[in-house]
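Trainee: Take this structure, written in structure tokens, and hold onto it; I'll ask about it next.
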């Protein structure tokens, strides 16, 4: 007979798993991250409400538009990512805060404090997620708009002050984007124990973002365009389409309350000017996601861009319809229905560690 050999069974864990370099357990980190993300999501909903009021501040329908816009943010394509320990909800709060400060600066006519506050918020957003850099396009737009003034900029104290504020605010965005990369450069390229620095340390500029995405994620122009990724493009298609359509309507001046007879010409002009600027970072994000990124991440990156929600709110208010398969469908109902169904499907995919994670 053969003797049965005892199996060495590891003893059960008596202590919670502790993350390296931390005194707190993994569970504690997860709970704190979830609490912070949920709080940021709540605050981003509030700031989106006030941002929409600021854009349509003279329109009698602005409270309804603002309420719809902030409510639709709760049904964001990002879904569970806004309550999970991810950066999306914090990014949305910071990005919305920057847009609000920018819009308020144009409303008040006193940009001395508000424009730098917008730049600071965008810079903080860029330190959380690198696509926050796109929000600097607002300041680039304003800078280009000042070019026709030429040398008169130096003759007019008001124009000179505005130009200086635009440059300073844009610099704050760039600083926020560069700060995490400077920290990474000091740790991986300049630390005393580093003998063989990573290849990106000698590049110009030395960007850890582009290196990690290229080396580990195989991110590059059209690299994601393979037959195996067609399902991921289909998953992202509704969000991409909504981003592009809403951006185009904003750029064309069709996302305002001008269709309401009680809206003034000033309200329409102000809202159009703001929304055109807000549409630029959103459109750039959609184009890059389609050609450069892992396309499925657009379903959560889109959560931090307000024009998408304002467009959806306008479609609900106007009761716009579209004909599909010979039947008229209300666009607002389609948007809300898709958001609810997608949230359920995405929750199952996310819990299974599948895209769009």
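Trainee: How many nm is it between the label spots at residue 317 and residue 204, if each spot is 7 Å from the Cα in line with the beta carbon?
Mentor: The answer from the label model is 5.1 nm.
Trainee: Can you tell me how much longer the chain between residue 42 and residue 237 gets when fully stretched, taken as 0.36 nm per residue apart minus their C-alpha distance, in nm with one decimal?
Mentor: Gain in length upon complete extension: 67.5 nm.
Trainee: Starting from 0.36 nm per residue, how many nanometres of slack lie between residue 25 and residue 217 once their C-alpha separation is accounted for?
Mentor: Extending this stretch completely gives an extra 66.3 nm.
Trainee: Taking the Cβ of each residue in 268, 73 as the centre, tally the other Cβ atoms inside 10 Å and list the residues starting with the fewest.
Mentor: Neighbour counts put them in this order, fewest first: 268, 73.
Trainee: Quick one: work out Rg over Rh on the C-alpha atoms of region 132-238, Rh as Kirkwood radius.
Mentor: Rg divided by Rh gives 1.15.
Trainee: Using every alpha carbon pair in region 274-357, what percent of pairs falls into each 10 Å bin from 0 up to the bin containing the largest distance?
Mentor: Going from the shortest bin to the longest, the percentages are 15, 35, 39, 11, 0.
Trainee: I've got another one for you. At a 10 angstrom cut-off on C-beta neighbours, averaged per residue, how do the peptides 88-101, 144-157 rank from highest to lowest?
Mentor: 88-101, 144-157
Trainee: What is the order of 215, 270, 50, fewest Cβ neighbours within 10 Å to most?
Mentor: Result, fewest neighbours first: 215, 50, 270.
Trainee: Oh, and also: Using only the Cα atoms of region 29-173, build the gyration tensor, take square roots of its eigenvalues as a ≥ b ≥ c, and label the shape rounded, prolate or oblate: rounded if a/c is under 1.5, else prolate if a/b is larger than b/c, else oblate.
Mentor: Here region 29-173 falls in the oblate category.
Trainee: For region 107-145 and region 37-90, what is the centre-to-centre distance using only Cα atoms, to the nearest Å?
Mentor: 19 Å
Trainee: Express in nm, to one decimal, how much length is gained between residue 186 and residue 288 on full extension, taking 0.36 nm for each residue of separation and deducting their alpha carbon distance.
Mentor: So the chain would gain 33.8 nm between residue 186 and residue 288.
Trainee: Taking the convex hull of the alpha carbon atoms in region 26-351, what volume per residue do you get, in Å³?
Mentor: Per residue, the Cα convex hull of region 26-351 comes to 172 Å³.
Trainee: Can I ask one more? Most exposed first by the Cβ proxy, i.e. fewest other Cβ within 10 Å, how do 110, 321 rank?
Mentor: Listing 110, 321 from fewest to most nearby Cβ atoms yields 110, 321.
Laboratory data are not the source of any read-out in this text; all were calculated from the coordinates shown. Bear in mind the structure is a predicted one, so any value in this text is a computation, not a measurement. All Cβ positions, glycine included, derive from the backbone under ideal geometry; neighbour counts span all protein chains shown.
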